[in-house]
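Okay, structure first, notes after.
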Number of protein chains: 2
Amino acid sequence: MKSGTITIKDISKALGLSVSTVSKALRGSHEISAETQSLVKEYAGRINYKPNPIAQGLRKGKSKSIAVIVPNIDNNFFSQVINGIESIAHKKDYNVIITQTHESYEREVLTTQHHFSRSVDGLIVSISAESENVDHFEEVQNKGLPVVFFDRVPDKIKTHKVIANNLQGAFEATQHLIQQGHRHIAHITSSDFLSITAERLEGYIRALEVNGLPVEDQYIKYCAHGGMIKEETYDALHELLALKNKPDAILTASDRLSTTTLSILTQLKMNVPGEIALVGFTNTISADIFNPPFSAVVQPAFEIGKTATELLVQLIESKRPISNFEKRVLNTELIIRKSS
Amino acid sequence: MKSGTITIKDISKALGLSVSTVSKALRGSHEISAETQSLVKEYAGRINYKPNPIAQGLRKGKSKSIAVIVPNIDNNFFSQVINGIESIAHKKDYNVIITQTHESYEREVLTTQHHFSRSVDGLIVSISAESENVDHFEEVQNKGLPVVFFDRVPDKIKTHKVIANNLQGAFEATQHLIQQGHRHIAHITSSDFLSITAERLEGYIRALEVNGLPVEDQYIKYCAHGGMIKEETYDALHELLALKNKPDAILTASDRLSTTTLSILTQLKMNVPGEIALVGFTNTISADIFNPPFSAVVQPAFEIGKTATELLVQLIESKRPISNFEKRVLNTELIIRKSS
DNA sequence: AAAATCTTCGAAAACGTTGTCGTAAAACTA
DNA sequence: TAGTTTTACGACAACGTTTTCGAAGATTTT
């Protein structure tokens with residue numbers, strides 16, 4: 001690791017200057033004469049000197065990097081958010097490192113602490129489906145690490161949050177199903193304590209109510225692992241199809257749940273939307289080549305990532321502590337295809 | 001950042017011991033008496049002390065973390081590889097951080113240098129479609145940072161490599177298309193200098209030759225950005241369909257190219273496989289709900305990730321320099337569905 | 001009882017950087 | 001010319017660890 005690394009010390013030796021002089025010259029300090037500065041800079045450039053950011057971080061407590069913690073990356077919603085994050089972060093000269101929790105509470109705690117102690121400058125987080133407890137985030141936040149949440153956000157923690165208008169999205173999708181003539185609409189969703197679950201459920205319920213339809217518990221199925229475990233979705237769907245009053249439509253609440261549900265229905269050789277219609281929250285770029293083409297509630301994922309990053313950088317670079325936090329809500333878009 | 005952080009110094013003050021004693025006690029050194037050790041450990045546990053890995057890294061030149069550099073994460077092949085990487089890395093107590101290059105040479109260089117100087121212990125890389133030049137990897141490797149390549153590997157650099165049996169995979173897929181009666185088989189692939197491109201092309205050509213079919217340049221289309229830019233694929237496809245002898249089948253060489261091609265054919269309302277059959281390299285988990293269900297050459301992505309990580313850890317933890325490097329080749333699987 | 005050996009700990013250096021402070025020489029002021 | 005300010009640089013401490021070395025006290029060996 002160390003063999004070829006070039007440090008300030010090498011430059012100082014070669015040029016017969018002190019390390020502090022070299023450091024200051026490199027940073028363009030006014031204490032150093034123009035000649036010395038250009039001498040140092042020229043030489044540093046020539047031998048391809050790169051400052052060691054971890055030493056800088058140690059010294060300054062800043063590292064110009066931000067970490068993203070998401071449940072999974074194999075999910076177009078999250079990967080699009082990450083692209084949004086990178087678009088802003090790179091522009092502002094921050095590096096972005098990504099870690100996934102696989103919906104595991106334990107991994108989330110570990111990775112949070114890891115990022116904290118490797119001193120990233122901030123965290124952008126969407127909470128794992130298993131994480132009922134969010135103390136680990138509160139802890140690092142109290143120690144001065146800025147955190148911004150998106151999508152799955154905790155009520156408890158005071159900070160910036162960026163979400164899609166989940167209520168509206170679920171409302172419109174349900175409304176659409178009702179307009180198509182469906183009366184028994186089921187909802188397959190994630191862990192009941194996640195913010196997105198509550199918000200989307202609320203939209204679903206309101207649409208039913210507005211249309212004078214009953215809200216039936218038997219039509220609402222929670223998947224504790226957010227669809228990570230296929231059996232979970234399979235069981236939920238199976239229970240729905242075993243009901244006396246089988247649902248004639250389903251609203252699925254997440255990317256993974258949507259594709260898994262369609263996949264199972266296809267396996268069961270069920271006619272979509274003939275026997276059962278399907279609308280789901282999903283940002284998959286392949287929705288139009290699904291069979292049938294998938295009606296989707298699409299979240300402004302890229303925008304969410306951009307917004308979260310702007311807010312985070314604001315927190316990081318603010319001189320004095322910020323206390324009035326905002327919750328940005330971005331609108332979803334309902335794209336109707338053939339599955340409904 | 002620093003406010004709440006607990007350091008060895010805090011412990012040493014509280015217990016009236018020197019920092020060196022505390023450090024050694026924490027690491028279980030035999031120089032420290034059992035009582036002192038348990039005293040220190042108990043106290044450290046109680047106040048929730050966490051060693052600062054970046055300081056450890058500075059001191060020891062090791063950080064117990066490895067970085068993964070891939071073109072994109074919104075791609076089931078790469079996300080599955082990453083899952084394989086994490087499965088081994090976490091077991092061996094390494095943290096995994098992920099960065100994407102978006103097929104950009106420039107970003108690849110930047111992120112490589114960034115990881116090097118934040119002193120990760122090793123790199124697992126699949127090269128960007130733009131990167132004809134791989135000097136940046138050679139450079140960090142010469143400075144002592146172990147690198148393992150997978151999937152898109154450079155010929156030039158001597159190190160461990162893990163790839164799918166691309167030749168065999170392409171051969172079987174082409175063979176299958178021929179058996180289905182197709183005689184004009186096109187091949188849409190990535191940048192011509194990528195290893196996977198050459199290997200898959202070779203398999204395609206051999207299958208044609210074995211069956212006494214001509215190899216025609218007009219049927220072979222390269223996409224310099226690996227399908228990242230949709231127009232690229234669109235143009236390639238358009239040119240193929242404008243030929244006098246339109247192809248009656250296509251073999252696509254990557255995840256993104258496969259879905260994009262199907263998507264465009266769907267837009268063009270072409271009958272797949274009636275007018276044109278399709279087989280492609282892809283690890284998408286949604287292949288069975290595509291319209292039509294997609295015939296896929298599936299790579300053992302998870303296994304590739306696992307293998308690459310085992311080899312990397314071996315490089316990292318080896319006492320003396322390793323010079324006999326291996327290239328592991330893992331078999332693909334052809335899953336025939338309805339698109340061919 | 002003196003000498004040798006352990007045992008247990010602390011002082012200090014090191015990793016690569018930055019920032020504070022001190023200081024010699026040069027430039028100005030009176 | 002003496003005094004004051006400015007310029008341009010170097011010494012040193014600090015960030016949080018680990019490790020080498022030395023040394024005091026305890027224990028064992030002769």
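The values are calculated or read from the model by the stated rules, or taken from the named source; none is laboratory data. Just so it is clear, the model here is predicted, and its values are computed rather than measured. Here the Cβ is made from the backbone with ideal geometry for all residues, glycine too, and neighbour counts use every protein chain on show. Note: accessible area is taken over every heavy atom of the protein model, side chains too, but ligands, DNA and RNA are not part of it. Shrake-Rupley method; radii C 1.70, N 1.55, O 1.52, S 1.80 Å.
Assorted remarks:
- The set of residues from region A:138-161 being within 15 Å of the chain's Cα centre (by Cα) and either more than 14 Å from every other protein chain (Cβ to nearest Cβ) or free of Cβ contacts under 8 Å to residues at least 24 places away in the same chain (or both) comprises A:Val148, A:Phe149, A:Phe150, A:Asp151, A:Arg152, A:Val153, A:Pro154, A:His160, A:Lys161.
- Of all residues in region B:241-256, those satisfying the criterion of being modelled with pLDDT of 95 or more and within 30 Å of the chain's Cα centre (by Cα) are B:Ala249, B:Ile250, B:Leu251, B:Thr252, B:Ala253.
- Checking B:Ile66 against (1) more than 20 Å from A:Ile54 (Cβ to Cβ); (2) away from every other protein chain (no Cβ under 11 Å); (3) more than 14 Å from DNA strand D (Cβ to nearest atom), the condition it does not meet: (1)
- Only listed residue being away from every other protein chain (no Cβ under 13 Å) and either of a type in the set (Val, Ile, Thr) or in contact with a Phe, Trp or Tyr (Cβ under 7 Å, 6 or more places away or on another chain) (or both), chosen from A:Thr282, A:Thr309, A:Thr260: A:Thr309
- Options A:Ala55, A:Ala14; residue that is under 39 Å from the mean Cα position of the chain (by Cα) and among the hydrophobic types (A, V, I, L, M, F, W, C): A:Ala55
- Among residues that are within 11 Å of another protein chain (Cβ to nearest Cβ) and open to solvent by less than 60 Å² (accessible area, probe 1.4 Å), A:Gln100 is included.
- From the options A:Ala236, A:Ala242, A:Ala308, residue that is over 24 Å from B:Gln267 (Cβ atoms) and in contact with a Cys (Cβ under 7 Å, 6 or more places away or on another chain): A:Ala236
- Yes/no for B:Val40 being hydrophobic (A, V, I, L, M, F, W, C), on the phi < 0 side of the Ramachandran plot and assigned to a strand (DSSP E or B): no
- Residues located in region B:2-25, provided they are within 14 Å of chain A (Cβ to nearest Cβ) and more than 9 Å from DNA strand D (Cβ to nearest atom): B:Ser3, B:Gly4
- Test: residue in region A:105-113 that is at positive phi and of a type in the set (S, T, N, Q): no
- Inside region B:32-63, residues that are among the polar types (S, T, N, Q) and over 27 Å from B:Ser119 (Cβ atoms) make up a count of 4.
- Top-ranked residue in region B:110-137 [being open to solvent by 30 Å² or more (accessible area, probe 1.4 Å) and in contact (Cβ under 8 Å) with a residue 24 or more places away in the chain; ranked as farthest from the other protein chains (Cβ to nearest Cβ)]: B:Glu132
- Matching residues in region B:26-36 - criterion: being farther than 17 Å from B:Asn52 by Cβ, part of a helix (DSSP H, G or I) and within 13 Å of DNA strand D (Cβ to nearest atom): none
- Hey, B:Lys92 charged (D, E, K, R), away from chain A (no Cβ under 11 Å) and under 21 Å from the mean Cα position of the chain (by Cα) or not: yes
- Region B:43-61: number of residues that are more than 7 Å from DNA strand D (Cβ to nearest atom) and either away from chain A (no Cβ under 14 Å) or part of a helix (DSSP H, G or I) (or both): 7
- Looking across region B:29-55 at every residue that is without any contact (Cβ under 8 Å) to a residue 12 or more places away in the chain and open to solvent by 60 Å² or more (accessible area, probe 1.4 Å), the one that is nearest to DNA strand C (Cβ to nearest atom) is identified as B:Glu31.
- Subset of region A:8-19 [within 7 Å of DNA strand C (Cβ to nearest atom) and open to solvent by 60 Å² or more (accessible area, probe 1.4 Å)]: A:Lys9, A:Val19
- Of residues in region A:61-94 being within 16 Å of DNA strand C (Cβ to nearest atom) and open to solvent by less than 40 Å² (accessible area, probe 1.4 Å), the one nearest to A:Glu130 (Cα to Cα): A:Ser65
- Residue in region B:73-81 that is part of a helix (DSSP H, G or I), among the aliphatic types (A, V, I, L, M) and more than 16 Å from DNA strand D (Cβ to nearest atom) present: yes
- Against the conditions (1) basic (Lys, Arg); (2) more than 20 Å from B:Pro71 (Cβ to Cβ); (3) surrounded by 22 or more Cβ atoms within 10 Å (Cβ to Cβ), B:Arg183 satisfies every one except (3).
- The set of residues from region B:258-286 being open to solvent by less than 10 Å² (accessible area, probe 1.4 Å) and touching a Ser or Thr at 6+ places or on another chain (Cβ under 6 Å) comprises B:Ser258, B:Thr261, B:Ala277, B:Leu278, B:Val279, B:Gly280, B:Phe281, B:Thr282.
- For region B:82-92, the tally of residues that are more than 21 Å from B:Val298 (Cα to Cα) and in a helix (DSSP H, G or I) stands at 4.
- Taking the listed residues A:Leu58, A:Leu26, the one that is surrounded by 13 or more Cβ atoms within 10 Å (Cβ to Cβ), near DNA strand C (Cβ under 8 Å from one of its atoms) and modelled with pLDDT under 90 is A:Leu58, with no other qualifying.
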